[in-house]
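K.L.:
Mind having a look at this structure? Questions to follow.
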Amino acid sequence: MMMRDLPGRIITAVFTLWLVSLLIFLVFQVLPGNPAQIILGAEAAPEQVAALEKELGLDRPVFLRYLHWLGGVFRGDLGNSLRYAQPVRRLMANSLQVTLPVAGMALFFILLLGIPLGLVVGKYHWQKRGFFLSALLQLGTAVPSFWLGIMLTLVLAKLFRSFTPGAFVPWEEDWLGALASLIPPALTVALPKTAVLNRYVGAAFIEESNADYIRTAYSKGITEKRVFYRHLLKNILISVITVFGLMGADILGGSIIVEKVFALPGIGRLLIDAISFRDFPLIQGIALYLSTVVVLLNLLVDLFYSILDPRIRWS
């Protein structure tokens, strides 16, 4: 019963992705700039530009070019980068080897710190320790990411002499070294968002603690521990799961500032380079990836809603 609408949600997600792919492709068709001219340079002769346009298929109708590009997407072929003269898929895969581990560790830190501390803030909201902890954590929302990254780099460089600031160790050279080099960027991404999640968890705890169903549970003689785990925690998670989903989409898209501070070859940095050089195929590929992340995370959020509370039904 709970999963009966899952096929419909999957179909909706697939349709959304198709519509997004169409919009992404059409937008780059109307933007000024000729890919053939970009490849050959401003000094290229018109005959050379026309020959390259024919080779790239740019002389064909837009509809046929879209079908060709969409067919390549299904085959895993996103075209070739105009700047790097390499397959877009390879460039994105190399960047995601950095972005995805950073995102995974950042999300882990957010869950590890945001939910427990938020529960503490909510429980002791009217006490001095709750107020102090809340004020301390809210500083995270005001600290700029670049400053936090620089401070973490300096502290770790002082504490651990083996840590080289701003150096990413490739996975193929030393996977432990690569993992260690990604922890500071992950913390830099996670700490400000932890403060945001902490605020939502604390507010949800206060609101749910005063709900009628909690007072009814206590009146039946149910222990505080059981009320917390069986009733309160589940409803708190329902309240904050949307916020966490939005954070996940943002983090998986790469943090441009953090990647710049730590000199990481991530997807955000690759996107900025692609925009700077008007590398349309690469921008299209990254935009499609970002859209896919958002759609899939929205689908997962709906699924978790239904798992946490079977009363919630997908429309």
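Yes/no per residue for (1) out of contact with any Pro (no Cβ under 7 Å at 6 or more places or on another chain); (2) touching a residue at least 40 places away in the same chain (Cβ under 8 Å); (3) of a type in the set (Gly, Ala, Ser):
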position	(1), (2), (3)
Gly71	yes, no, yes
Arg83	yes, yes, no
Ile110	yes, yes, no
Gly114	yes, yes, yes
Leu139	yes, yes, no
Ser145	no, yes, yes
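K.L.:
I need the full set of residues from segment 284-315 which are among the aromatic types (Phe, Trp, Tyr) and modelled with pLDDT under 85, in order please.
P.N.:
Phe304, Tyr305, Trp314
K.L.:
Right, Val240: over 30 Å from Leu148 (Cβ atoms), at pLDDT 80 or above and not small (Gly, Ala, Ser) or not? Lay out the reasoning, then the answer.
P.N.:
On the way: over 30 Å from Leu148 (Cβ atoms): no; at pLDDT 80 or above: yes; not small (Gly, Ala, Ser): yes.
No: the conditions fail for Val240.
K.L.:
If I go through segment 78-100 residue by residue, how many of them are touching a helix residue (DSSP H, G or I) at 6+ places or on another chain (Cβ under 8 Å) and in a loop (DSSP other than H, G, I, E, B)?
P.N.:
Applying the first criterion (touching a helix residue (DSSP H, G or I) at 6+ places or on another chain (Cβ under 8 Å)) to segment 78-100 yields 78-84, 88-89, 91-92, 95-96, 98-100.
Filter once more, so that each one left must be in a loop (DSSP other than H, G, I, E, B): 78-79, 81-84.
Looking only at that region, the number is 6.
K.L.:
Exactly one condition in (1) within 30 Å of Asn94 (Cα to Cα); (2) out of contact with any Pro (no Cβ under 8 Å at 6 or more places or on another chain) is not met by Leu182; state its number.
P.N.:
The one condition Leu182 does not meet is (2).
K.L.:
Could I ask something else about it? Looking at segment 59-77 only, could you name the residues that are assigned to a helix (DSSP H, G or I) and within 30 Å of the chain's Cα centre (by Cα)? Reasoning before the result, please.
P.N.:
Step one: filter segment 59-77 for residues assigned to a helix (DSSP H, G or I), giving 62-74.
Arg65, Tyr66, Leu67, His68, Trp69, Leu70, Gly71, Gly72, Val73, Phe74 - these are the residues of segment 59-77 that are assigned to a helix (DSSP H, G or I) and within 30 Å of the chain's Cα centre (by Cα).
K.L.:
Return a yes/no flag: does segment 153-168 have any residue that is under 17 Å from Leu107 (Cα atoms) and hydrophobic (A, V, I, L, M, F, W, C).
P.N.:
Residues of segment 153-168 under 17 Å from Leu107 (Cα atoms): none.
Checking segment 153-168: not a single residue is under 17 Å from Leu107 (Cα atoms) and hydrophobic (A, V, I, L, M, F, W, C).
K.L.:
Condition first: assigned to a helix (DSSP H, G or I) and over 23 Å from Ile241 (Cβ atoms). Now tell me which residues in segment 109-132 satisfy that.
P.N.:
Quick first cut of segment 109-132, residues assigned to a helix (DSSP H, G or I) only: 109-123, 128-132.
Passing the criteria: Lys128, Arg129, Gly130, Phe131, Phe132.
K.L.:
Against the definition (more than 24 Å from the chain's Cα centre (by Cα), more than 23 Å from Val258 (Cα to Cα) and exposed (fewer than 15 other Cβ atoms within 10 Å of the Cβ)), how does Asn235 come out, yes or no? So that I can check it myself, show each step before the final result.
P.N.:
Details: more than 24 Å from the chain's Cα centre (by Cα): yes; more than 23 Å from Val258 (Cα to Cα): yes; exposed (fewer than 15 other Cβ atoms within 10 Å of the Cβ): no.
So Asn235 does not fit the description; no.
K.L.:
Turning to a different aspect of this structure: Being within 23 Å of the chain's Cα centre (by Cα), assigned to a helix (DSSP H, G or I) and either surrounded by 11 or more Cβ atoms within 10 Å (Cβ to Cβ) or modelled with pLDDT under 85 (or both) is the requirement here; does Ala103 meet it?
P.N.:
On the way: within 23 Å of the chain's Cα centre (by Cα): yes; assigned to a helix (DSSP H, G or I): yes; either surrounded by 11 or more Cβ atoms within 10 Å (Cβ to Cβ) or modelled with pLDDT under 85 (or both): yes.
When the stated conditions are applied, Ala103 passes them.
The values are calculated or read from the model by the stated rules, or taken from the named source; none is laboratory data. Since the structure is predicted, the reported quantities are computational estimates derived from the model, not experimental observations. Cβ: placed from backbone, ideal geometry, glycine included. Neighbour counts: every protein chain shown.
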